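The values are calculated or read from the model by the stated rules, or taken from the named source; none is laboratory data. Computed from a predicted structure; not experimentally measured. Note that each Cβ is placed from the backbone with ideal geometry, even for glycine, and that neighbours are counted across all protein chains shown. Note: areas computed on protein heavy atoms with side chains; ligands, DNA, RNA excluded. Shrake-Rupley method; radii C 1.70, N 1.55, O 1.52, S 1.80 Å.
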Amino acid sequence: MPRISSLLSSINDTSDDGWGIFYKALEMKDQGIEIADLTIGEHDVKTRPSVLDAMTDSAKGGHTGYAVGPGTLALRGAIAQRTIQKTNVPTSADDVMVTIGGQGALYAAHKACLSPGDTALYTVPYYPTYRGTIRATGAHAVPVLTHAEHGFVPQENDLRRAIDETGAKSLLINSPNNPTGVVYPLETLQMIADLCIEKDLWLISDEVYDSMVWDQPHMSPRGLEGMAERTVSIGSMSKSHAMTGSRLGWLIAPPNVIEATNALNMVTTFGAPGYIQDAATYALQEDPAKEDEIAEPFKRRRDIALRVLEGQNVIQAVPSGGAMYVFLDVRATGLSGTEFAYKLLEKHHIAAMPGESFGASGAGHLRIALTIEDSLLEKALQNICHLGNALAQS
Ligand code: PMP
């Protein structure tokens, strides 16, 4: 039988990706057991009806044919306007390439910026597709660890060492961060920008949680001096507008990247469906306060989590400033994140992702997706603390 490409077979490796918990929880649900499911980063609300109306109106109006190219001018203009509002960085429709989800943008960005055999860095803990996305482009994916003792914020010496040792051509960062909920401070973004300029790196900045930042306005490294020409910002309607299934994302980048990703588009997707693009345009032209409405429950639940965790000395919360998650440090129980997650599922019927599934420096942690109703979340967090205390005493 002919063999499969070595490149694509390298996307997945054999390490446990943490989905074991998810599937075990599914099995238990099938047996009729009620599970508090804190595994998946997906809203507990659906796409707004007005946006769905815009989608069907567009489809019924005939926008169901090929929508070839970088995206409609109207949508790229609306994305540019939103970017200006959020980041104050001058942006035009020409700087925008529409993709199939933020995931499509992550792949296109790496494909555009790296040649086969180049090294691409990514920070750890990481969103689990990162390694495979980089490998699928033919580049080497090299992790740069961030650590609990630094609040999971990248440190200059770690980045500098990784760049010098590998001759990397790009760095992928994600703030607000999945899985930690950490938002990088301006000094960190500036340090990263200075390094990218000094070492001539592309910065691929995953900003899909830019509407979910709790304690300050969103900051994009693209706005820092000298960075617009070497930054690819990744955005998406998934999180900001509860449109995960519509698969509508984008990248904002200098002209050579837009041109290259448009060429890639022609040999992969051809472009996002026209009626989805029209629905996204409509959603972006609605009152921006609607984005805050979608984000608000996650801030409220982050606050609930911090309140429940306050004063706990076994289970500790990593200071979270955004996204849909809190990251809990369970190391004082003596268990790994994975062991703790299985015990939690067995004893309290709570499913949460072990930190190990987000890379080495996530070990001994648990990611809590703030995606269930407030009172259930509060109860689940209390039970997590009970389990932590019981384990620490045993
Ligand atoms: N980046 C991060 C950090 C994410 O958490 C996700 C989705 N969970 C994505 C990118 C991809 O989002 P989408 O393709 O739905 O836009």
**Item:** Residue-count net charge about E187 - beta-carbon cut-off 14 Å; Lys, Arg +1, Asp, Glu -1
**Value:** -2
**Fill in**
Mean-square fluctuation maximum in Gaussian network of the chain, Cα pairs under 10 Å, restricted to S246, S320, S375, hits S375
**Request:** Could you sort 73-81, 18-26, 383-391 so that the peptide with the highest average Cβ count within 10 Å comes first and the rest follow in order?
**Result:** 73-81, 383-391, 18-26
**Prompt:** S92 to A332: extension gain in nm, 0.36 nm per residue of separation minus the Cα-Cα distance?
**Reply:** 81.4 nm
**Rounded to 5, percent antiparallel among DSSP beta bridges of the stretch 144-257** = 30
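What percentage of the solvent-accessible surface of the stretch 149-282, computed with a 1.4 Å probe over protein heavy atoms, is contributed by carbon and sulfur atoms?
51
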**Message:** When a/c reaches 1.5 or more, the comparison of a/b and b/c decides; with that in mind, is the stretch 339-392 rounded, prolate or oblate per its Cα gyration tensor?
**Reply:** oblate
**Fill in**
Counting only protein heavy atoms and rolling a 1.4 Å probe, one gets per residue an accessible area for the chain in Å² of 43
**Item:** Pair L376, E346: separation of 7 Å Cα→Cβ label points (nm)
**Value:** 2.4
**Complete:** Rounded to 0.05, the calculated FRET efficiency for the beta carbons of E225 and M266 at R₀ = 22 Å is 0.05
**Prompt:** Among residues other than Q316 whose Cβ falls under 13 Å from its Cβ, what is the net charge (Lys/Arg +1, Asp/Glu -1)?
**Reply:** -2
**Asked** Residues of the stretch 221-249 with amide nitrogen under 16 Å from the 7 Å Cα-to-Cβ point of E259?
**Response** 229-230
**Prompt:** Among A105, A323, A242, whose mean-square fluctuation peaks in a Gaussian network model of the chain (Cα, cutoff 10 Å)?
**Reply:** A242
**Fill in**
Summing -39500 (n - 2.57) over every DSSP H run of at least 4 in the chain, dividing by its residue total and rounding to the nearest 500, the 222 nm mean residue ellipticity is -13500 deg cm²/dmol
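Is the C-alpha gyration tensor of the stretch 209-279 telling us rounded, prolate or oblate? Criteria: a/c under 1.5 is rounded; beyond that, a/b larger than b/c is prolate, otherwise oblate. Intermediate results must be reported in sequence, preceding the final value.
Details: a/c = 3.40, a/b = 1.12, b/c = 3.02.
Oblate shape, in that a/c is at least 1.5 and b/c is the bigger or equal ratio.
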**Net charge of neighbours whose Cβ lies under 11 Å from the Cβ of L376, counting Lys and Arg as +1 and Asp and Glu as -1** = -4
**Request:** Could you tell me which chymotrypsin sites (Phe, Trp or Tyr not before Pro) in the stretch 43-138 are loop residues by DSSP with no more than 12 other beta carbons within 10 angstrom of their beta carbon?
**Result:** Y66
**Message:** Rounded, prolate or oblate for the stretch 278-394? Axes are the square roots of the Cα gyration tensor eigenvalues, ordered a ≥ b ≥ c, and the cut-off for rounded is a/c under 1.5.
**Reply:** prolate
**Asked** Under 30 Å Cα-Cα from K86, which lysines qualify once same-chain neighbours fewer than 8 residues away are excluded?
**Response** K46, K111, K169, K199, K239, K290, K299
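Pulled fully out, how much extra length does the chain show between Q312 and I40, if you take 0.36 nm times their separation in residues and subtract their Cα-Cα distance?
95.4 nm
Quote to one decimal, in nm, the extra length available between I84 and H218 on full extension: 0.36 nm per residue of separation minus the C-alpha distance between them.
Additional length available on full extension: 47.1 nm.
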